[in-house]
1. Can you work out which of the residues in region 52-74 that are under 14 Å from residue 117 (Cα atoms) and buried (at least 22 other Cβ atoms within 10 Å of the Cβ) is nearest to the ligand (Cβ to nearest atom)?
2. Check region 181-193 and report whether any residue there is touching a Gly at 6+ places or on another chain (Cβ under 6 Å) and within 16 Å of the ligand (Cβ to nearest atom).
3. Give me the pairs: first residue in region 80-91 and open to solvent by 10 Å² or more (accessible area, probe 1.4 Å), second residue of a type in the set (S, T, N, Q) and not in a strand (DSSP E or B), beta-carbon distance under 7 Å, and six or more apart or on different chains, which are they?
4. Could you check region 176-209 and list, in sequence order, the residues that are touching a Ser or Thr at 6+ places or on another chain (Cβ under 9 Å) and of a type in the set (A, V, I, L, M, F, W, C)?
5. Looking at (1) hydroxyl-bearing (Ser, Thr, Tyr); (2) touching an Asp or Glu at 6+ places or on another chain (Cβ under 9 Å); (3) within 23 Å of residue 20 (Cβ to Cβ), find the lone condition where residue 226 falls short.
6. Can you tell me which residue within region 75-126, out of those that are under 16 Å from residue 163 (Cβ atoms) and among the polar types (S, T, N, Q), is farthest from the ligand (Cβ to nearest atom)?
7. Which of the numbered conditions does residue 20 fail, given that it passes all the others? Conditions: (1) buried (at least 22 other Cβ atoms within 10 Å of the Cβ); (2) in contact with a Phe, Trp or Tyr (Cβ under 8 Å, 6 or more places away or on another chain); (3) in contact (Cβ under 8 Å) with a residue 60 or more places away in the chain.
8. Any residue at all in region 211-226 that is surrounded by fewer than 23 Cβ atoms within 10 Å (Cβ to Cβ), assigned by TED's automatic domain parsing to the domain that holds residue 90, within 16 Å of the ligand (Cβ to nearest atom) and under 20 Å from residue 97 (Cα atoms)?
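The values are calculated or read from the model by the stated rules, or taken from the named source; none is laboratory data. Note that the coordinates shown come from a computational prediction; the quantities given were computed from them, not determined experimentally. Here the Cβ positions follow ideal geometry from the backbone for every residue, glycine too, while neighbour counts run over all protein chains shown. Calculation scope for accessible area: heavy atoms of the full protein, side chains included, ligands and nucleic acids excluded. Shrake-Rupley method; radii C 1.70, N 1.55, O 1.52, S 1.80 Å.
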Amino acid sequence: MVFKVPDYKSHLKPIWCPGCGNYGVLNAIRKALAELQVPPWDVATISGIGCSSRLPGYMNTYSFNTVHGRVIPIASGVKIARPDVTVLAVGGDGDGFAIGGNHFPHAARRNVDITYIVMDNNIYGLTKGQTSPTTDLDMRTISSPYGSIEAPVRPLALAFAGQASFIAQGYSSDIPHLTNLIAEGIKHPGFAFVLVKSPCITYGGKAQIDHMKSMVRYLGDEHDPTNRDHAFHVTEEAGAYPLGIIYKEIRPTYTERVRDLQMRASPPTDGIPLQVEDLLDNFLPE
Ligand code: SF4
């Protein structure tokens with residue numbers, strides 16, 4: 001059986017505003033899954049709340065539109081319970097870096113094997129255009145009519161601080177490039193963070209699209225994603241959004257470390273490691 005892009009489409013029609021960057025991201029996710037030939041029933045797409053968090057509803061996979069900011073803990077739980085499933089965590093900058101901001105670096109340092117795709121439009125779109133954690137200084141929004149007075153969070157630097165083992169950035173208007181990044185993130189054994197510059201046409205308007213276009217810069221062949229110092233320097237470069245796989249390292253995933261711990265804590269009998277039921281037996285009355 002060969003899976004095609006429509007096999008990952010649900011019966012729901014997206015209700016995003018025409019021209020919203022989220023359409024490009026949705027297409028890229030479906031294309032990446034088709035490219036990798038992952039059966040739709042082996043995928044869980046999970047989100048928090050926000051415009052972009054509607055995305056799981058448009059996927060013909062196991063899908064869960066959860067509560068605000070809690071995409072990462074729920075996606076982590078799914079992966080730990082079912083390591084065989086491809087887990088996609090999706091959402092926006094407000095959901096990921098404000099309400100759920102605390103979860104991001106911790107899932108990254110644990111190296112939970114999920115792909116976290118953040119559609120970054122620098123604004124809260126669903127609640128009608130307030131400043132978000134990534135809103136640029138001086139940017140005018142309905143909640144900052146004279147310009148934002150807060151310095152924006154830098155998600156890529158935050159991913160480095162959290163020891164994410166895969167860090168990439170894409171642009172919603174370049175679907176082939178983004179498809180490749182998402183496919184590489186899914187293949188990566190560990191926490192893969194894909195930040196997508198994705199304009200909000202309604203509250204960012206043409207000015208935001210023009211700004212993003214002028215800021216994107218593709219990483220060339222000379223970029224070495226295994227060189228941590230260089231990769232971090234790239235994320236800090238002012239006046240540009242570097243596009244591509246910025247950083248990548250292979251280290252044990254959370255599930256692998258748990259299995260290793262399980263073996264060390266209780267050497268297997270006949271090749272079978274200690275099970276949860278064995279532990280619970282210790283608490284049963286004699
Ligand atoms: Fe997209 Fe903005 Fe419309 Fe939300 S409000 S659907 S982010 S264009």
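1. 52
2. Let us first name the residues in region 181-193 that are touching a Gly at 6+ places or on another chain (Cβ under 6 Å), namely 181, 192.
Among the residues that remain, those that are also within 16 Å of the ligand (Cβ to nearest atom) are: none.
The answer is no, given that none of the residues of region 181-193 is touching a Gly at 6+ places or on another chain (Cβ under 6 Å) and within 16 Å of the ligand (Cβ to nearest atom).
3. 80/255; 83/255
4. Listed by number, the residues that qualify are 178, 182, 186, 191, 192, 193, 194, 196, 209.
5. (3)
6. 111
7. That leaves (2) as the condition not met.
8. yes
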